[in-house]
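The values are calculated or read from the model by the stated rules, or taken from the named source; none is laboratory data. In this text, all values refer to a predicted model and were calculated from it rather than measured experimentally. We place every Cβ from the backbone using ideal geometry, glycine too, and count neighbours over all the protein chains shown. Note: accessible area is taken over every heavy atom of the protein model, side chains too, but ligands, DNA and RNA are not part of it. Shrake-Rupley method; radii C 1.70, N 1.55, O 1.52, S 1.80 Å.
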Amino acid sequence: MSEPAPIVLIIDDEIQIRRFLRTGFELNGFVVHEAGTGAEAIRTATLRPIDLVILDLGLPDMDGSEVVEKIRSWSSVPLIVLSVRSSEAEKVKLLERGADDYVVKPFGMAELLARVRVALRRQMRAMSGEPIVKIGPLTIDLSARAVLLNEVRLTLTPKEYRLLQILAQHAGNVVTHQHLLKEVWGSIHVQDTHYLRIFVRKLRQKIEANPNSPRILVTELGVGYRLAQPASEAENNAWNVAEAPGAKGE
Amino acid sequence: MRILHQILREWRNVGLALLLVGAMTVGMIGLVREAALAHGSVLYLLPVLIAAIRWGLVAALAAAIAGGTASAFFFYPPLYSFVIKDPQEILDLTLFIFVAVVTSKLAAKLKLQFDIAQKREADMRDLYAFSRRLAVSFGVSDIHAAIEDHLTSVMQRKVVLFASTQDSSDTATHSSDTAVPERVRSEVAQVAAGRRDPANGMPVIDGDGDIWLVRAVSPKKSEFGVIAVNLGPDSQAGLDDFRLRVDTVLADATATLERLDVAHAISEARMRSETDQLREALIGSVSHELRTPLASILGAASVLMSAPALAGEKNLRALVNDVRNEAERLNDDIQNLLDATRISSDGIKPHTEWADPADIVNSAIERCRRRFGDRRLSLDVPGELPLVYVDSVLVEQALVQIFDNAAKYSPAGSRIGITARARESSIVLAVSDEGTGLSNGDKTRIWERFFRGGQHAATTSGSGLGLWIATAFVAANGGKISAKSDGIGYGTTLSIELPVAQAALAQMEGEADE
């Protein structure tokens, strides 16, 4: 990265976790700030410029969703939550409050860094107003409302396009069922998950090389969907040789 | 109060009986004119019998006397005088009165027995309903609600039960939502604290002028709680009478409660909830205490793995890799223990939603990729599978357990087949391996907790929890798991069958397009 080193704020009450996160981030060229409590985190986030927040749930002084809400009240900084498995409802709640993504504990540094890069890229794209999202062979031009697969323009129904559009705006990050249902079908349909399932199937038929093993539009069970945005341009170009992104690897 | 009420009722009955006799007289006068009927006195047996059956002995006797008198007056010569001349007719009338008295006595006795039988039946029904409700009551509050309803139905008055708490003597917890005036509450607290004579209820008048009677349900067993009965705005005079009735009902109720061993049930329910709380706390702390260090270990290992300082150190990297793999295994074991505790402590509450079976399969494969190693996956999942209404995360975890088994008990480089098939009213996800296989005895026992097949225990370590957890998770979603194997050495196929509601699906296809 040629830009100045991104600054990450790590909010975690466990010193051992803060320590490995600090080492891992510093090895990858980040500047690290730490906070052990919610109050300290909010103080740091208001006083210093922050490019990214990593928030572990279960802080001693504050509910995780409260921290998310407080930070979101003045900042759109990318925010990634560390959570435990089998708490899908909690993840959904935090995503709805404004968290960008989550990583399930225990996790490896590579997994977290992949999520972090995606979130930073999304933030950069949002600030520059870049209208084009590329995922492997798929190109979504948000300003021209065009979707191309291997340079060939696809015909999508208005609802299919709307679904893909919302996912592309959050490319790489998970988008909850509720959010998608509300944006595409309206708020009275937020419980009608089957609409989504049927439309995602139709969309996969059009954009995936193998709709039964999707690699672009992937499911996050019990939470939502994400467009599998590769973490970097180089990775994107290597799409066809690489393993599926998001796989647990080194 | 009660006696007065009874006298009033008796008078009403007598009046009704006399009315009946009067009506009969009018009818008979008509009959005598039309059909020249003589000696109508026998017909008066009719109102006597009716009065005896409907209104009891006193009314029947009144009807008999009235009937006799009316006969003498209207039908025996000289007419319209109470004097009877013919000795034969005097005998007739005497006989009538005798028969009337005897039959009314018999009929009244019959009525009494009938009433008693009916009341007994109603009591039995109440009691049966009560005991049945107790049998399905799990918590202390359920039992108290049952006692409260039972007393309300027996006393025909609003009854509020306060469960006495054992530890703090001055607070009594309220078992229902009904509003109870503050003055009554403080009296309840006094009674619960044992500062009142337990055998003698204190009347309390609330702000609206209603009288409440506050009493311990049982003078001996405080765990049955304290009741407050709303007597309504009755006069003080009726209070003693009602207090007696409450005493009787409470004595009965206490006997019932003791017979049904409610005290035991209450203490057991209390203990159960304490054990549950303890277990919850234990799971919570184990989960946190064991997994937080693991998250640190795994995270630190992953950082070391990518550290430039270790880039050329093949041996050191192998060590770090071991740390990570073993920590991951430990994490899986802890997760299994937590899942198992969750299943056996409070059952599983699935969060159901419409899900695509293919998504569940893909997600499970993704999670097991490292575990599969170099085993060849062959995936056969058709694109147009019906949706299923399940907790997709639970089904995925069940599938992960099955994948884990397949990977554990099959040789490196062998094939693992994953198929999904739609049947008439279900979909079947099947996982087959080329591994150890199952003996006939194993097939039925693999679903047991902690069971491990002889061959399996010999080759690989494991807790024997995996398939038990998978079965519970699938069952929580209305599905079932089955196993097939051609014997030891011939591989195993494990299948998950999930129900599908076809009608709902056909309807859904249309809806989403609008």
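Observations, loosely collected:
- For the range B:1-93, trypsin sites (Lys or Arg not before Pro) are listed when DSSP marks them as loop and at most 14 other Cβ atoms sit within 10 Å of their Cβ; the list is B:Lys85.
- Sorted into 5 angstrom bins from 0, the C-alpha pair distances of the range A:7-126 split as 2, 12, 24, 27, 23, 10, 2, 0 percent.
- Summarising the strand pairing of the protein assembly as shown, around 70 percent of its internal DSSP beta bridges are antiparallel.
- Rounded to 10°, Cα long-axis angle of helix A:193-207 versus longest principal axis of chain A: 70 degrees
- Surrounding net charge for B:Tyr490, when Lys and Arg each add one and Asp and Glu each subtract one, Cβ distance under 14 Å: -1
- Using a cut-off of 32 Å between Cα atoms, the listed pairs A:Lys105/B:Lys408; A:Lys105/A:Lys182; B:Lys109/B:Lys220; A:Lys182/A:Lys206 include B:Lys109/B:Lys220 as exceeding that distance.
- On Cα atoms only, tilt of A:158-169 relative to the major axis of chain A in degrees: 30 degrees
- Within 10 Å of the Cβ of each residue in B:359-365, the mean number of Cβ atoms contributed by other protein chains is 4.
- In the calculated pair-distance distribution of the range A:131-237, the portion above 21 angstrom amounts to 29 percent of the Cα-Cα pairs.
- Computed over the Cα atoms of the range B:353-508, the ratio of the radius of gyration to the Kirkwood radius (Rg/Rh) comes to 0.97.
- Extent of the range B:316-432 along its three principal axes (Cα atoms, max minus min coordinate, largest first): 54, 38, 20 Å.
- Reported value for the range B:2-116: 96 Å³ per residue, from the convex hull of its C-alpha atoms.
- Per the Cα gyration tensor, chain A maps to an equivalent ellipsoid with semi-axes of 31, 21, 17 Å, ordered largest to smallest.
- Among B:Val474, B:Ser425, A:Ala99 - extreme Cα towards positive end, dipole of the protein assembly as shown, charges at beta-carbon: B:Ser425
- Other protein chain C-beta atoms within 10 Å of residue C-beta, averaged over A:180-192: 1.
- Taking Cα centre as origin and charging only the Cβ of basic (Lys, Arg, +1) and acidic (Asp, Glu, -1) residues, the dipole magnitude of the range A:131-237 rounds to 320 debye.
- Unit charges on C-beta of K, R, D, E only; dipole of the protein assembly as shown, Debye: 880 debye
- Per residue, the average separation of C-alpha pairs within less than 8 Å and at least 6 apart gives the range A:131-237 a relative contact order of 28 percent.
- Farthest toward positive dipole pole in the range A:131-237 [+1 Lys/Arg, -1 Asp/Glu at C-beta], among A:His194, A:His170, A:Val147: A:His194
- Relative contact order of chain A, defined on C-alpha pairs under 8 angstrom at six or more residues apart (%): 14 percent
- More than 21 Å apart - percent of Cα-Cα pairs taken over the range B:273-346: 42 percent
- Based on C-alpha pairs under 8 angstrom that are at least 6 apart in sequence, the range B:273-346 has a relative contact order of 39 percent.
- log10 of Debye I(q)/I(0), alpha-carbon scatterers only, for the protein assembly as shown at 0.07, 0.10 Å⁻¹: -0.73, -1.10
- Computed [θ] at 222 nm, deg cm²/dmol, chain A (DSSP H ≥ 4; -39,500 (n - 2.57); rounded to nearest 500): -12500 deg cm²/dmol
- Restricting attention to chain A, close to 50% of DSSP beta bridges with both partner residues there are antiparallel.
- Projecting the Cα atoms of B:Thr341, A:Gly24, B:Leu31 onto the dipole axis of the protein assembly as shown, where Lys and Arg carry +1 and Asp and Glu carry -1 at the beta carbon, places B:Leu31 farthest toward the positive end.
- Dipole moment magnitude, nearest 20 debye, chain A about Cα centre, only Lys, Arg, Asp, Glu C-beta charged: 840 debye
- Rounded to the nearest 10 degrees, the angle from helix A:88-97 to the longest Cα principal axis of chain A is 90 degrees.
- For trypsin sites (Lys or Arg not before Pro), the sites in the range A:112-173 that DSSP calls loop and that have at most 15 other Cβ atoms within 10 Å are A:Arg145.
- Buried between B and A is an accessible area of approximately 3700 Å², summed over both sides with a 1.4 Å probe.
- Within-14-Å neighbourhood charge of B:Val42 [Cβ basis; K, R +1; D, E -1]: -2
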